[in-house]
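Let me begin by presenting the structure, written as structure tokens, before commenting on it.
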Amino acid sequence: MDEKYAKYLLEKTPQDYNTIAEHFSKTRNFVWEELKSLGQYSFTGERVLDLGCGNGRLLEIFKDISVDYIGVDSSEKLIEIARRKYPKAKFQKADALNLPFPANYFDKIYSIAVLHHIPSVKFRLRFLREAKRVLKPEGLLILAVWNLWQQKFLKYHLKFLFLKLIKKSKLDFKDIFYPWKSPESKIMIRRYIHCFKRGELKKLVQRSGFRIKEIGFLEQGKRNTYLIAEKPS
């Protein structure tokens, strides 16, 4: 992907989520059952980063343990909502490619449904290497991306593959724009998404310097691919 266009998409994503923030948050008022199992990787006393925290709902998976939680997101509107919902927690607007934390700072990093919004291999590697930088040695990255390789998404794959083949799209192969319509505002936006396959995700995370510990699907419906990776000591 052309770097200039990738930078445009990087700027577009937080703007899109600012536009749909209130409605998006209403559809994510609670932690989905499949995400609760990810809490098993964190322990009392650890420093945890929620990278791409949205409205902060992941905080609920730590309700039975005491962790030093920090949530960051590039959408200021979602950060505002997170602060309203969880006034005692720490949230801040931040760029995932330039995190405002020192090296070796966090015991665990959670990043749920974020990496697939990062355009181009170059910037996805930068995202992962920045996460690795702020993780402690032997710290874990707990990552999840949407699995859009299902029949109901076939029309998007075919559309953007065709546009790519006839040179009418600046997107990479396996990239799509996925629509979101807010009933309240009647605004339609198109969110950039890269449709990862498990093998591709595994190779990318390894290339960024992590050691893979687990990879699989979070639930029977296979809607989300999860990956657990360790920063080498």
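The values are calculated or read from the model by the stated rules, or taken from the named source; none is laboratory data. This one's a predicted model, so the numbers in the text were calculated from it and none came from an experiment. With ideal geometry, Cβ positions are generated from the backbone for all residues, glycine too; neighbour counts draw on all protein chains shown.
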Q) Which condition number in (1) closer than 21 Å to GLY199 by Cβ; (2) buried (at least 17 other Cβ atoms within 10 Å of the Cβ); (3) among the basic types (Lys, Arg) is the one that LYS122 fails? A) (2)
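Table: residues versus (1) in a strand (DSSP E or B); (2) at pLDDT 95 or above; (3) not small (Gly, Ala, Ser).
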{"residue": "TYR5", "(1), (2), (3)": "no, yes, yes"}
{"residue": "LEU35", "(1), (2), (3)": "no, no, yes"}
{"residue": "GLY39", "(1), (2), (3)": "no, no, no"}
{"residue": "GLY54", "(1), (2), (3)": "no, yes, no"}
Q | Among (1) at pLDDT 95 or above; (2) exposed (fewer than 15 other Cβ atoms within 10 Å of the Cβ) - the single one LYS152 does not satisfy | A | (1)
(Q) If I go through the stretch 205-233 residue by residue, how many of them are outside any strand (DSSP E or B), touching a residue at least 60 places away in the same chain (Cβ under 8 Å) and within 14 Å of ALA144 (Cβ to Cβ)? (A) 5
Q | Identity of the residue in the stretch 2-31, under 15 Å from the mean Cα position of the chain (by Cα) and among the aromatic types (Phe, Trp, Tyr), that ends up nearest to PHE101 (Cα to Cα) | A | TYR17
Q: Could you figure out which of (1) in contact (Cβ under 8 Å) with a residue 24 or more places away in the chain; (2) within 23 Å of TYR178 (Cα to Cα) isn't true of VAL134?
A: (2)
Q. Going by the structure shown, is LEU99 surrounded by 22 or more Cβ atoms within 10 Å (Cβ to Cβ) and under 16 Å from the mean Cα position of the chain (by Cα)?
A. no
Q: Select from the stretch 14-59 the residues that are of a type in the set (S, T, N, Q) and either buried (at least 20 other Cβ atoms within 10 Å of the Cβ) or under 17 Å from LYS85 (Cα atoms) (or both) and list them in ascending order.
A: ASN18, SER25, THR27, ASN29, SER42, ASN55
Q.
of a type in the set (D, E, K, R), over 30 Å from LYS170 (Cα atoms) and within 17 Å of the chain's Cα centre (by Cα): is that true of ASP50 in this structure?
A. yes
Q) If you go through the stretch 156-176, how many residues are without any contact (Cβ under 8 Å) to a residue 24 or more places away in the chain, within 15 Å of HIS194 (Cα to Cα) and assigned to a helix (DSSP H, G or I)? A) 6
(Q) What are the pairs with Cβ atoms under 6 angstrom where one residue, in the stretch 189-201, is under 16 Å from LEU154 (Cβ atoms) and the other, located anywhere, is at pLDDT 95 or above and among the charged types (D, E, K, R)? Sequence gap at least six, or different chains. (A) CYS195/LYS174
Q. In the stretch 66-94, what residues are free of Cβ contacts under 8 Å to residues at least 12 places away in the same chain and assigned to a loop (DSSP other than H, G, I, E, B)?
A. PRO87, LYS88
(Q) Being of a type in the set (A, V, I, L, M, F, W, C), under 12 Å from the mean Cα position of the chain (by Cα) and closer than 11 Å to LEU97 by Cβ is the filter here; which residues of the stretch 114-130 pass it? (A) ILE118, PHE127, LEU128
Q: Please work out if LYS132 is over 18 Å from TYR5 (Cβ atoms) and touching a Gly at 6+ places or on another chain (Cβ under 6 Å).
A: yes
Q. Looking only at the stretch 35-52, which residues are without any contact (Cβ under 8 Å) to a residue 60 or more places away in the chain, touching a helix residue (DSSP H, G or I) at 6+ places or on another chain (Cβ under 6 Å) and not basic (Lys, Arg)?
A. GLY39
Q) In this structure, does ASP73 turn out to be within 30 Å of LYS167 (Cα to Cα), under 17 Å from the mean Cα position of the chain (by Cα), at pLDDT 95 or above and of a type in the set (D, E, K, R)? A) no
